[in-house]
Each structure stands twice: as C-alpha cells, then as structure tokens.
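*Asks:* Submitted below is the structure of interest, expressed as structure tokens.
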Amino acid sequence: MATHLSKLTNMSFMGTRKFIILMGVTAIMFLVIETSMLPYKSKSAPLFPHDGRSSRGKITFNTEASRGHVKISGNFFHGLKYSSPAEGMVKHSKSLNREENVNYTSKAIAQLRVLKTDFASEMHNGSALEVNENRSPRGGSSYKKSINKDIGEPGRSPMLVKGRETAPDFSLARKKATDAMSKHDNPARLQGVLGTSNTLPNHPVRRKMRCNMPPKTVMPFIEMNHLLRRRQASYPSAKPRWSSARDQELLSAKLQILNAPSILNARDLYGPLFRNVSMFKRSYELMERMLKVYVYKEGEKPIFHLPILKGIYASEGWFMKLMEGNRNFVVKDPRKAHLFYMPFSTRMLEHALYVPHSHNRTNLARYLKDYSNMIAAKYPFWNRTHGADHFFVACHDWAPYETRHHMERCIKSLCNADVTAGFKIGKDVSLPETYVRSARNPQRDIGGKSHSERRILAFFAGNMHGYLRPVLLSHWENKDPEMKILGPMPLGVESKMSYMNYMKSSKYCICAKGYEVNSPRVVEAIFYECVPVIISDNFVPPFFEVLNWEAFSVIVAEKDIPLLKDILLSIPHEKYVEMQLRVKKVRQHFVWHSKPVKYDLFHMTLHSIWYNRVLMMKSR
C-alpha cells in the first residue's frame, strides 16, 4: 500500500512539474508575441489588439509618401527612428535609458496617438515636383506638378532637381515627439510638452527663402556707376607676394588703356554703346596681342571639362568649350600666363553632387574648396596672388554661394550678378544668361520687326517665380490693351513661336527678375531687337564695366512697377527709335559662334575678365 502511494505521489509531482513548465513556455511565447509588434490588422490582431502601443511603449505605423514607402517607428527605450528609400533623408535616432521604468499615463499615450495621426497626415500631404533641366522660353522652368496647397512650395524651389520627389516635411511633429521622449522620467512633464489638445498643427512653419523676399538693401543704378568709377580708379586689391614679368606687362597695358587715343567710332564698333569706346578698343587690341591664359588640366568629368551647350546655363558651357579649344590665348606653360582658368561647370556640380531635397549645398562648396586647395598645393601661382589672377565662368544660380570665401579673390564671371550677394563691381564680370535652344545653331531665330511695325507697347510672359512677378501681374495683367503682361504660356512649339512673335512685335520687353536677379529675357530681347526693360533691383547688367546700358535699355526700380506704362510713354518716339537701333548694334556682342569671331560673346567675356584684371593692377 505504501509503495502504491509513493508511486502516486511521484506521478503527481512529475505532472505538476510538466504543467508548470508548460505554463512557463506559454507565458514566454505570450510575451514574445506581445512585444514583437505584429502588423496592424494582421491575423493575430483579434488575439492581440494593436492600438498603436505595447507594454513597452513602442509605436509603429506605415504610410505612403508621394512615391515611396515610408516607415516611422518609435520606442521609448530605443528612440525615434525614420527610414525612407528617398535620397538625402537623415536617420534620426536617440537612445533612451533601457533601465528606467516609466509608467505612462493613459492621457500621454492618447497624445502620442495624436502624434502618429499627425505624422501620417503630414506624410500623405507630401509634395512631388518634377522640374525640367531648362527653363522654358517664357523664362522660368517647365513643370509637372503634384503639389499639396498646404505644404507644397509654389513654383520651382531653387533646391529642386529634375525628376526627384520632394521629401515630406514632418519636422514639427518629430521635434515634439523627440522632446517628449527626452522627458520621459516625468509623465506630467510629458503631457505638458505634448499639450492637452487633441490635434497638432497640420501646417509646418516654413522659413521664407531669400529668393522669395524683396532685398533688404537696394543699390540704385546710378550708385553702381559711381562705385565702378571709384573702383577703376583705385581698386583695394592686395599686392602679389613676389613680382613677375607678367605683372609688368599688365601694368604696361594699363598705362596704354588709360591713355588711349580718342576716337568716336571704329569701323566695326558703335560708339554710343560704350562707356568709353576709345579705352575699350585699345584694351581689346592689347588683349588680342598680349593675353595668355593657362587652363588647368586637373579635375574629372562631368564637373570639369564637360561643357553643356544647351539651355539656360549654356553660357558657362560655351565659354569652356571655346576657351579650352583656343590656340591664340591658351598656353601650355603656366609661367607665361597672365590669367589662370578653372574649367568647372556649376550646372554639372549641382547635377553630380547635390543631394535632392537636402536643402544643403555645403558639400558643393567644399568640393570646390578642395579643388582650389589642391591647385594651390600643386602650383605656386595661386599662392603668389591669393587667387587674384585666377578666374572661372559660372551661370548657375548657386555659384555665388559655392565659391564664396575660398574663391573670393578670384575674378568671378557670374550670371547671378547680385551686388548684395557678393558680386564686386570692378573685379567680377556679369555674364549674359543666354538661352541656347540649338547647340548646332545658337543664333537660330535671331531678328525682329522694324520699329514702325511694332504695335505692342510692352510684353511679358512667364512663370510666377519669386516675389516680383506676381506684383507685376497684379498691376498690369489684363489691365491695358497696350500692355501684354501675361502669366505662364502653355507648353509646346506653337507657344514658343507665339512667345517669340510677341517679343518681335513689341517695342519694349519686360525683363522682370525671377528667383534671382538675372534673367535670360535680357539677351532674348536683344536677339529679337526689342528694347529691354530691366526690373531687378541690385542686378549688375552684363559687361557693366564697358557697356553703357542706359543707351539701349530702360532700368526701372521695382517700387516703380505701378508707374511702368507712364515711364515707357514718357520716352519720346525719336529716342525709342534710336534705342532700338542701338539694340541691333549691340547684338553682335551677345552671340555665340562655333568658331569665335571678333567682338562676339566669347571675346567680350574674356575681354571683361582681362580688362578688370588690368585695371586692378598696382605697381609694387
């Protein structure tokens, strides 16, 4: 009997052990499943209802941005993490103490659910914007838009690139969530950070870009003229660290230019177009006879040595192509050079290195800084003058930013010639922004009607880039039959022809700034023999150091847009006829040729670089 009871006791003990082990395994499986964050509405959802939180405070949800799948997950012990296939997005993760035991109140958890909803709302409101490489002939970029009106940026953001989607902006909600988690040791403080309302703002605060605001300071055109005269008389440039035979040649050229024999008109030059035609002609002759340029071979394609010959940035490409292929000015021995050319393309720099939607151009500037440091280490010429005898030609809007500081003493030939953004009158050169439609024939469609056949007083058409064009249209769109002031014209060949016909049939062509001070309309107006009306405060017109822009154009301050028609009608008819004739005469200086010809755009650009360098020279 005792033996039988002993057996029953042993069996009962073994059964209890098995039961305890089974219950332990079940409990462990339950905990594993509960903490594994199964997807919302999965097959296990009825067993483990998922309401956006778990026993460990982890939040996870998925949403679709404009084109890519985006996942945001947060864990109070592992931080807030964001991941996306879109380029340029930065992962944010802050680790929190794994050991602290936090008892979140139900109200705080409810507020975190609001954060999740707000994240999803903002992600779905993300914008997508596709921008063509070239601006349309109306003067802005061509677009394919899918922009949410609440958070999308209007028009072409200067930081956007063709064919790339805009990253969603959820910085406000993310900041609140991160701040909340950083104060997890106090639930009351957590509730205070998140607030007691049931919603968060759906409209993130955006800092207005500089290109969408009027300038804080304005330099009148007459003051630019005064500044040029002062700078040419005595430019505050540093002396070379050691002398060179080339310096003596430049000083000799400066003396000859300042004492040039007086002439009224040359055989192939029209005197009224120039500030001083005598000095220009003598300087040009000396350039042809004396100037030698060394082109650096360093640098890899596509940023270096790869000219882009079409589109609105074509000016830098055409100059690069013609300069590198020139036999009259280029020398192989840098010791014989008066000037040193750095053949990079700011358009290709953006294309190759800019991280889409990062709104960060630091790496572009650093790349050029590394390049200048490299040539300074390899050659002695940069260090002799601190780069003052080096130059580059750049037409991209970002060029002033990418080259400031480390290339500040170089001669900058820029399309974006903004006197309040680092452009130095008397040293730097304003480069014409030419919209080239055909690389084989850059002079296509040039010409226009005679002054007697032009029935339209003034014409403008273009996209609403920047702050100024909406102001122009608000005053003049459909307000006066003599003023053809239009918004964006439809895309297509017929529209392009209509745009050109309007310019060829108008007396005055309005050249209103877009995001930056420069516009291809200035050169287009000259091509089509239409008197350009420049409305762009602080813009230094092309070849400002030699051309007299008041002789063949009208400069209107932005504040005078309401008076635009009165200003144009106040110009006597005889003066308009004279100005239109001068537009025809000046056109030869704004045309690219496959093989450069005298006084064309290639030679005018090189001459202005030479001219400014010579006049800056000082004897030791």
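*Asks:* Which one of the conditions (1) more than 30 Å from I561 (Cα to Cα); (2) assigned to a loop (DSSP other than H, G, I, E, B); (3) of a type outside the set (S, T, N, Q); (4) in contact with a strand residue (DSSP E or B) (Cβ under 8 Å, 6 or more places away or on another chain) does G462 fail to meet, given that it meets all the rest?
*Replies:* If we test G462 against (1) more than 30 Å from I561 (Cα to Cα); (2) assigned to a loop (DSSP other than H, G, I, E, B); (3) of a type outside the set (S, T, N, Q); (4) in contact with a strand residue (DSSP E or B) (Cβ under 8 Å, 6 or more places away or on another chain), just (1) comes out false.
*Asks:* Here is a further query. When you scan the range 231-279, how many residues do you find that are at pLDDT 95 or above and under 34 Å from the mean Cα position of the chain (by Cα)?
*Replies:* 3
*Asks:* Ok, one more. Go through (1) closer than 30 Å to Q588 by Cβ; (2) buried (at least 16 other Cβ atoms within 10 Å of the Cβ); (3) of a type in the set (K, R) for R469 and report which single condition fails.
*Replies:* Condition not satisfied by R469: (1).
*Asks:* Got at least one residue in the range 307-322 being surrounded by fewer than 20 Cβ atoms within 10 Å (Cβ to Cβ), closer than 30 Å to A233 by Cβ and touching a residue at least 24 places away in the same chain (Cβ under 8 Å)?
*Replies:* Looking for residues that are surrounded by fewer than 20 Cβ atoms within 10 Å (Cβ to Cβ), closer than 30 Å to A233 by Cβ and touching a residue at least 24 places away in the same chain (Cβ under 8 Å), one finds none in the range 307-322, hence no.
*Asks:* Next question, about the same structure. If I ask for residues that are open to solvent by 10 Å² or more (accessible area, probe 1.4 Å) and in contact (Cβ under 8 Å) with a residue 40 or more places away in the chain, which ones from the range 597-610 would you list? Break it down stepwise before answering.
*Replies:* Initially, the range 597-610 is screened for residues open to solvent by 10 Å² or more (accessible area, probe 1.4 Å), giving 597-598, 603.
Answer for the range 597-610, where residues must be open to solvent by 10 Å² or more (accessible area, probe 1.4 Å) and in contact (Cβ under 8 Å) with a residue 40 or more places away in the chain: K598, H603.
*Asks:* Taking only the range 400-450 into account, find how many residues are closer than 21 Å to S519 by Cα and either among the charged types (D, E, K, R) or in a strand (DSSP E or B) (or both).
*Replies:* 15
*Asks:* Quick check on this structure: which one of L286, L309 is of a type outside the set (D, E) and in a helix (DSSP H, G or I)? So that I can check it myself, show each step before the final result.
*Replies:* Details: L309 fails: in a helix (DSSP H, G or I).
Only one candidate passes the filter, namely L286.
*Asks:* Looking only at residues in the range 233-266 that are among the small types (G, A, S) and closer than 25 Å to V586 by Cα, which one is surrounded by the most Cβ atoms within 10 Å (Cβ to Cβ)?
*Replies:* So the first thing to find is which residues in the range 233-266 are among the small types (G, A, S), and the list is 233-234, 237-238, 243-245, 252-253, 260, 262, 266.
Still in the list and also closer than 25 Å to V586 by Cα: 260, 262, 266.
Working: A260: 17, S262: 8, A266: 15.
Only one residue fits best here, namely A260.
*Asks:* Quickly run through the range 526-563 and pick out the residues that are touching a Leu at 6+ places or on another chain (Cβ under 8 Å) and outside any strand (DSSP E or B). Write out each step before concluding.
*Replies:* Kept after step one, since they are touching a Leu at 6+ places or on another chain (Cβ under 8 Å), are these residues of the range 526-563: 533, 535-536, 541-542, 544-545, 547-548, 551-552, 554, 556, 558, 561.
If the condition is that a residue be touching a Leu at 6+ places or on another chain (Cβ under 8 Å) and outside any strand (DSSP E or B), then S536, P541, P542, F544, E545, N548, A551, F552, V556, E558, I561 are the ones that fit.
*Asks:* Ok, one more. Which residues, taken from the range 441-459, are touching a residue at least 40 places away in the same chain (Cβ under 8 Å) and either within 28 Å of P596 (Cα to Cα) or within 17 Å of the chain's Cα centre (by Cα) (or both)?
*Replies:* Filtering the range 441-459 for residues touching a residue at least 40 places away in the same chain (Cβ under 8 Å) gives 442-443, 445-449, 451, 453-459.
Passing the criteria: P442, Q443, D445, I446, G447, G448, K449.
*Asks:* Only one of (1) of a type in the set (D, E, K, R); (2) within 25 Å of V517 (Cα to Cα); (3) surrounded by 18 or more Cβ atoms within 10 Å (Cβ to Cβ) fails for D389. Which number is that?
*Replies:* For D389, the exception is condition (2).
*Asks:* Right, next: Within the range 514-525, does at least one residue satisfy the condition of being assigned to a loop (DSSP other than H, G, I, E, B), of a type in the set (D, E, K, R) and open to solvent by 10 Å² or more (accessible area, probe 1.4 Å)?
*Replies:* Pass one, the range 514-525, residues assigned to a loop (DSSP other than H, G, I, E, B): 514-520.
Filter once more, keeping what is of a type in the set (D, E, K, R): 516.
With open to solvent by 10 Å² or more (accessible area, probe 1.4 Å) added as a condition, the list becomes 516.
Looking through the range 514-525, at least one residue is assigned to a loop (DSSP other than H, G, I, E, B), of a type in the set (D, E, K, R) and open to solvent by 10 Å² or more (accessible area, probe 1.4 Å).
*Asks:* From the list I567, I571, I609, exactly one residue is part of a helix (DSSP H, G or I) and either modelled with pLDDT under 95 or more than 30 Å from S234 (Cα to Cα) (or both). Which is it?
*Replies:* On the way: I571 fails: part of a helix (DSSP H, G or I); I609 fails: either modelled with pLDDT under 95 or more than 30 Å from S234 (Cα to Cα) (or both).
Sole residue among the options that is part of a helix (DSSP H, G or I) and either modelled with pLDDT under 95 or more than 30 Å from S234 (Cα to Cα) (or both): I567.
*Asks:* Of the conditions (1) out of contact with any Leu (no Cβ under 8 Å at 6 or more places or on another chain); (2) in contact (Cβ under 8 Å) with a residue 40 or more places away in the chain; (3) assigned to a helix (DSSP H, G or I), E350 fails just one. Which one is it?
*Replies:* Condition (1) is where E350 drops out.
*Asks:* When you go through K369, K301 one by one, which is the residue that is assigned to a helix (DSSP H, G or I) and open to solvent by 10 Å² or more (accessible area, probe 1.4 Å)?
*Replies:* Working: K301 fails: assigned to a helix (DSSP H, G or I).
The unique qualifying residue is K369.
The values are calculated or read from the model by the stated rules, or taken from the named source; none is laboratory data. Values in this document were obtained by computation on a predicted structure and should not be read as measured data. With ideal geometry, Cβ positions are generated from the backbone for all residues, glycine too; neighbour counts draw on all protein chains shown. Side chains included, ligands, DNA and RNA excluded: accessible areas come from the protein's heavy atoms. Shrake-Rupley method; radii C 1.70, N 1.55, O 1.52, S 1.80 Å.
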